[in-house]
Every structure is written in structure tokens, then in C-alpha cells.
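Laboratory data are not the source of any read-out in this text; all were calculated from the coordinates shown. Everything quoted here is computed from the prediction, not taken from an experiment. Ideal geometry is used to build each Cβ from the backbone, glycine not excepted, and the neighbour counts take in all protein chains shown.
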Amino acid sequence: MADESSASFPGPRADIGVTGLAVMGRNLARNFARNGHVTALYNRTQSRVDELIEQFGDEGDFVPSTDLKSFVASLKRPRRIMIMVKAGKATDAVIDELVPLLEEGDIVIDGGNAHFDDTRRREQALKAKGLHFVGTGVSGGEEGALNGPSIMPGGSKESYEALGPILESIAVAVDGTPCCTYVGPDGAGHFVKMVHNGIEYADMQLIAEAYELLRQGLGKTPAELADVFRTWNEGDLESFLIEITARVLDKTHPGADGSPVPLVDLIVDAAEQKGTGRWTVQTALELGVPTTGIAEAVFARSLSGSVDQRKAVQAAGTLVGPTGGSLAGAEAEGFVDAVRDALYASKVVAYAQGFDMIQAGSDQYGWDVDKGAMATIWRGGCIIRAQFLNRIKEAYDKDAHLASLLLDEYFAAAVGNAQDSWRRVVATAVRLGIPVPGFSSALSYYDGLRRERLGAALVQGQRDLFGAHTYGRVDKPGTFHTLWSGDGSEERQDAH
Ligand code: NBP
């Protein structure tokens with residue numbers, strides 16, 4: 001093969017390749033190159049490759065290609081190819097083009113926001129061809145991709161040996177530990193990223209409820225509340241989301257008459273969503289895990305986005321009830337601290353539920369996910385990065401099989417100390433007509449877990465009456481049915 005083109009061909013020398021060079025892929029490619037990895041580049045539209053080389057070519061050692069074949073040929077074996085294209089059909093199209101060009105042992109990495117079911121399917125298909133497929137969560141947006149994301153790779157353990165060190169080198173590090181670790185087989189990485197995004201929804205909803213309570217309940221201005229959140233950011237609640245909340249609340253823009261108006265008052269109050277929160281809730285329903293915090297957050301966004309319905313209700317004026325109103329005197333006293341406590345307790349519940357969901361997914365699919373390790377890699381790079389995650393890591397380090405995060409000594413005490421405030425805040429919100437679906441459902445979940453007996457006994461009785469669905473008894477083993485339309489006697493249904 002000593003023809004002219006191969007004579008000038010530099011040979012396979014790239015450590016990793018990135019295809020899909022829009023905002024995320026471009027920044028990840030730069031991050032790889034900045035960290036000393038020879039980085040191959042390819043994009044369906046050539047101009048993205050050219051622009052990257054033109055603007056950032058001096059940041060590291062890039063190997064640009066104009067076609068997929070030479071891109072693949074420029075990579076050292078086993079080839080490590082990261083796909084950063086639009087999730088869904090585009091990812092399948094790129095995989096279909098790539099696979100015939102690859103050889104046994106090569107590693108295809110999907111860093112897009114894929115659904116974990118798609119990742120499981122793709123992993124199976126590529127494994128049958130002797131290839132590794134790594135679905136990986138990449139958190140932190142474009143900024144994180146460039147300067148250090150949190151990375152959640154799934155796939156085979158073997159692939160992580162070849163890929164892990166490169167990924168760890170570009171991930172952000174907290175206390176010297178990279179925010180990247182092997183998550184588990186096939187779809188585990190994308191599953192954990194999905195739950196991460198779900199928790200992010202819950203956390204944001206809870207912060208928004210705290211804001212509403214203080215704004216409506218105490219009549220505080222956004223600027224005053226920015227100070228409150230800044231103070232909270234110095235304690236247990238210290239996190240990226242609390243930090244940016246203060247920044248948003250501080251921001252003003254000129255209003256209609258040119259005078260400064262808090263930006264939050266100028267923004268349309270209809271929250272949008274891209275879908276990972278919805279995926280989390282759909283999956284939680286299938287797994288039977290009560291992730292009420294995430295579900296309430298997704299539905300609260302849906303309610304806010306039901307603009308026509310909200311307008312119709314307001315125009316009709318027939319749905320009566322309190323609409324806020326300022327607290328005064330003893331009622332106002334200590335309310336800011338109470339809201340902080342309620343926020344903290346509700347947040348612990350939302351995270352506990354998220355980690356339960358990771359456990360349920362891990363059990364269902366045989367992934368053996370290390371929950372403490374997930375808390376560790378979420379401490380930096382990603383949207384939910386927070387001090388609090390150190391506590392979660394410590395809890396799972398102490399007992400990897402905790403039945404609930406709420407049972408950890410630290411969290412049990414923290415939530416226990418917060419509960420009077422939590423109840424006060426929820427009761428006040430209900431009285432003032434301020435919607436707090438996150439706070440109140442978290443409290444109901446907490447109470448539901450604590451109760452020795454639940455109303456579910458009655459539900460079982462109802463199910464047996466209308467559908468002969470049977471019930472168990474507290475006083476003896478077995479499965480029973482009452483002959484509701486017969487003589488009212490009870491029959492044992494299981495074989496004994
Ligand atoms: P986009 O999601 O906007 O995708 C654009 C890229 O996909 C371009 O490189 C485009 O090539 C390529 N592409 C498409 Br679209 N269809 C293709 C096809 N059939 N064949 C080959 N290439 C195709 O880019 P992004 O915002 O950088 O996100 C990339 C991935 O990372 C997505 O899955 C996203 O969900 C995920 N993600 C994004 C963020 C974020 O903050 N944006 C954060 C975390 C994860 P072209 O240039 O030829 O059109």
C-alpha cells in the first residue's frame with residue numbers, strides 16, 4: 001500500500017476522535033486537546049471543522065478530517081470515537097455510518113442526551129459486532145464541556161480501562177477527585193444522567209417555591225431575596241443553583257418607561273422543558289419508585305405552561321381563595337429561617353428519592369451502581385453541584401445499602417430538626433394560597449414513610465370488593481378474598 005496518498009498519510013496517531021462539532025462537541029474536543037490528547041475531528045458539515053481549527057487550532061494537537069473514512073483511519077487502536085450529535089435519529093445515522101469502518105475492540109461513545117433504552121439497544125447491537133458502545137452522561141453544558149464537565153460513562157468495564165483515563169483527565173476535579181467514574185453496564189451512564197436531570201428539576205422547583213413564599217408571604221423584593229439566597233449559600237444549602245438564584249434575582253433590565261425592573265418580573269412565568277425530567281418520571285412510574293419531588297417539578301412546569309387555561313381561570317374569577325398577603329408580627333418572625341429549613345428538608349427528600357431510583361434501575365438491569373460514587377462525581381461540573389453531595393457520599397460510604405438516605409444519621413437529624421419549620425411553612429402556604437407542590441409532597445412522603453399504618457389497607461379492601469384483587473392480613477400469612485356479594489365470609493386464595 002505504498003501509493004502516493006499513503007506516503008503522505010501521517011498514520012493513526014489520534015488518541016480520541018470527536019464527531020459532531022456543534023457547541024458541545026467542539027468544546028469537548030478542545031478540552032481533550034488542551035489536556036494533551038491528540039484529537040481527531042470530523043463533522044458532517046465541513047465548515048465546523050474548519051472553524052474549530054481556525055479559531056482554536058493552537059490550543060492542542062488536532063487531526064482534522066474531511067471524510068469519515070480518514071477520520072477513522074487517523075485514530076490509534078482501539079479507536080475511541082465520541083459522537084456529539086443531536087440525540088435520537090442523528091445518533092443512529094452516525095453509528096450506522098461508522099460501524100462498517102471500525103474493527104473489533106473499537107469504542108464508540110455517545111455523549112449526547114440519549115434515552116437509556118436507546119443506549120441499551122445500541123450497546124447490544126454493537127456488542128454483537130465486537131465493538132464497545134459507551135453511553136455517557138455529560139453534564140455542565142457548553143461551559144462544563146470546555147472547562148471540566150461531570151462525566152457518567154456506562155458500557156463495558158473493559159472499555160472503561162481504555163477510555164476512563166482520557167475522560168477523567170478532562171472532567172472537573174473536586175478535592176483532587178475527578179468527577180468521572182465508571183457507572184455500570186450498557187445504559188447505566190445515561191440512566192444516571194437522566195436521574196441527575198430529574199433531581200435538577202426538583203431542586204429548581206423547590207428553590208422557586210422558597211422564593212415565592214418569601215416574596216408573597218413577606219413581601220420581600222427580588223433584591224432583598226438575592227441577599228437571602230446569598231446568605232443561604234454560605235450554609236448547608238451551598239450550591240450552584242442557590243448561587244445563580246441570587247444572581248438572577250439581582251438582575252434588572254429597563255422596563256417600559258426605561259427605569260430598572262427586576263428581570264424576574266419581566267420574564268414570562270411559563271417554564272419550559274426539554275424532556276429529561278419527563279423521562280425520569282415515566283421511568284420512575286415503570287419502576288414503581290415514588291419520585292414525587294421530580295414528578296411535582298415536571299407537573300409544576302406543565303401547569304405554568306398551560307397559559308391559556310390559566311388565563312381562562314383568571315378571567316372567569318370563579319375559583320375563589322386567598323391570593324397571598326403579607327405575614328406580620330409573630331407570623332413573620334423567623335419565617336425566612338423556617339423557609340430555609342423547609343427547603344433543606346424537601347431537598348433531602350428529593351435527593352433521597354432520586355438515589356432510590358438509581359438503586360431501582362440498578363436492581364432492574366443488574367448494573368451494580370455505586371450510589372456514593374455518583375454523589376462524588378456530581379460534586380463538580382454539573383448543575384446540581386453542591387456541598388450537600390459530600391454528605392450524601394459520606395452516608396453511602398458508611399452504609400452502601402441504606403434503605404433510604406433519610407435514614408442516615410446526619411440526614412435524619414437534619415430533617416428531624418427542620419420538621420417543625422417545614423410544617424409551619426407548608427401550613428402557612430396553604431393558608432395564604434401559595435402553591436408549594438414540592439414542599440408539601442416532600443413532607444407527605446416523609447410522613448408516609450414514617451407511619452406504621454397507611455390508608456393503603458382501605459385501598460386493598462376496595463380493590464378486593466370491586467375486583468376480587470385479594471389482600472394480605474396482618475395477623476396471619478396468606479392471600480385472602482372476602483365474598484362481598486355472597487355470604488360475606490373470607491376465603492384463602494393461595495395454595496396452602
Ligand atoms: P446539537 O444537538 O444541536 O446537534 C448538532 C450536531 O449534530 C451537529 O454537529 C450536526 O451536524 C450533527 N448532526 C445532526 Br443534527 N444530524 C446529523 C446526522 N444525520 N449525521 C451527522 N451529524 C448530524 O448539538 P449540541 O447542542 O452540541 O449537543 C450535542 C449533544 O450533546 C446532544 O445530544 C445534546 O442533547 C447533548 N448535550 C447538550 C448539552 C448542551 O448544553 N447543549 C449538554 C449536555 C448534553 P451538522 O453540523 O452537519 O449539522
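Things worth noting here:
- Inter-site label distance for LYS76 and GLU54 at 7 Å from Cα along Cβ, in nm: 3.1 nm
- With contacts taken as Cα pairs under 8 Å and at least 6 residues apart, the chain reaches a relative contact order of 12 percent.
- Fully extended contour minus Cα-Cα distance, from ARG463 to ASN390, at 0.36 nm per residue: 21.9 nm
- Tilt relative to the chain, helix 157-170 - C-alpha long axis, 0 to 90 degrees, to 10: 90 degrees
- Taking amide H as placed 1.01 Å from N in the peptide plane, THR482 has its amide H under 5 Å from the amide H of GLU491, each at least 5 places away in sequence or on another chain.
- Segments 151-161, 279-289 sorted - mean Cβ within 10 Å per residue, highest first: 151-161, 279-289
- Working note: Karplus 6.51/-1.76/1.60 with θ = phi - 60° gives region 461-478 the couplings x, 4, 4, 5, 5, 8, x, 6, 7, 6, 8, x, 10, 6, 9, 7, x, x Hz, where Gly and Pro are set to x.
- For a label point 7 Å along the Cα-to-beta-carbon line of GLU243, residues of region 371-391 with backbone N under 15 Å: 378-390
- Neighbourhood charge, 11 Å Cβ-Cβ cut-off, centred on LEU343 and excluding it, Lys, Arg +1 and Asp, Glu -1: -3
- Amide H to amide H, with H built 1.01 Å from N, LEU41 comes under 5 Å of VAL18, VAL63, SER65, counting only residues 5 or more places away or on other chains.
- Principal-axis analysis of the Cα atoms of the chain puts helix 335-365 at an angle of about 60° to the longest axis.
- Restricting attention to region 306-405, lysine pairs at least eight places apart or on different chains and with alpha-carbon atoms under 21 angstrom apart total 5.
- If R0 is taken as 60 Å, the Cβ-Cβ distance between ALA495 and THR221 corresponds to a FRET efficiency of 0.30.
- Segment GLN124-GLU103, length gained on full extension (0.36 nm per residue, minus Cα span): 5.9 nm
- Annotation: extensible slack from GLN273 through GLU409 equals 45.4 nm (criterion: 0.36 nm per residue apart, minus Cα-Cα distance).
- Cβ charges +1 (Lys, Arg) and -1 (Asp, Glu), total dipole of region 199-294, debye: 180 debye
- Environment charge of SER47, counting only residues whose C-beta is closer than 15 Å and scoring Lys/Arg +1, Asp/Glu -1: -1
- GLU161-GLN419 FRET efficiency (beta carbon distance; Förster radius 60 Å; 0.05 resolution): 0.80
- Using C-alpha pairs under 8 Å with a sequence gap of at least 6, the mean separation divided by the residue count of region 344-395 gives a relative contact order of 25 percent.
- Under 5 Å, built H, 5+ apart or other chain: amide partners of SER156: PHE133, ASP186
- Two-site label geometry, LEU263 and PHE480: point separation in nm, points 7 Å out along Cα→Cβ: 6.2 nm
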